[in-house]
Amino acid sequence: ETTVRWSASTFHGHTTSFWCISKRSVLVFIWFQFVWFFKPQLIMLKTMYRHAKKHPGLIPQFFFMILGMGGASLYLIRLAQGPHVSWDRKNNPEPWNKLSPTYQYKLVAVTTDYEKLKKEGPDF
């Protein structure tokens, strides 16, 4: 017969209580949350794999679709980190005023040499 102690006990010199959570149980909980959250995506990937096995001509389409989605996601992340976006309105309400004139904010600058630019206007 198993009895459960509700008082504190000693385990390898450390005092633990009954409600102590082990690292393993936390990892198992995180794993189940991950699987539950991504289950539709996993089912979709499994379906894509089955279709690619039946119809090999779909493989380039899946490849370029995933490549395009990944590129769009990376570009969205790059835009969100730009100098024109203010994430901290209390400490830095206007981050674009703190940029130097040589800061290249465009992805590709064809004709502009940002190293030769000089600041025009007052400091804020």
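The values are calculated or read from the model by the stated rules, or taken from the named source; none is laboratory data. Since the model is a prediction, treat every value here as computed from it, not as a measurement. Here the Cβ is made from the backbone with ideal geometry for all residues, glycine too, and neighbour counts use every protein chain on show. These accessible areas exclude ligands, DNA and RNA; they are computed on the full protein's heavy atoms, side chains included. Shrake-Rupley method; radii C 1.70, N 1.55, O 1.52, S 1.80 Å.
How much accessible area does LEU27 have with a 1.4 Å probe, in Å² rounded to the nearest 10?
Approximately 120 Å² for this residue.
Residue by residue, what Karplus-based ³J(HN,Hα) values in Hz, rounded to whole numbers, does segment 70-84 have, using 6.51, -1.76 and 1.60 with θ = phi - 60° and x for Gly and Pro?
x, x, 5, 5, 5, 5, 5, 5, 5, 5, 5, 9, x, x, 8
Taking the Cβ of PHE62 as the center, what net charge do the other residues with Cβ under 15 Å away carry, scoring Lys and Arg +1 and Asp and Glu -1?
Net charge around PHE62: +4.
For segment 61-113, which trypsin sites (Lys or Arg not before Pro) are in a loop by DSSP, counting at most 16 other Cβ atoms within 10 Å?
Sparse-neighbourhood loop trypsin sites (Lys or Arg not before Pro): ARG89, LYS90, LYS106.
HN-Hα J couplings of segment 90-99 from phi, Karplus 6.51/-1.76/1.60, θ = phi - 60°, integer Hz, Gly and Pro as x?
Karplus-based 3J(HN,Hα) across segment 90-99 equals 7, 8, 9, x, 10, x, 6, 6, 9, 7 Hz.
Rounded, prolate or oblate: which fits segment 37-115 when a ≥ b ≥ c are the square roots of the eigenvalues of the alpha-carbon gyration tensor, with rounded for a/c under 1.5 and prolate only if a/b beats b/c?
Oblate, since a/c reaches 1.5 and b/c is not below a/b.
In straight Cα distance, which lysines are under 26 Å from LYS53, not counting same-chain residues fewer than 8 positions off?
LYS39
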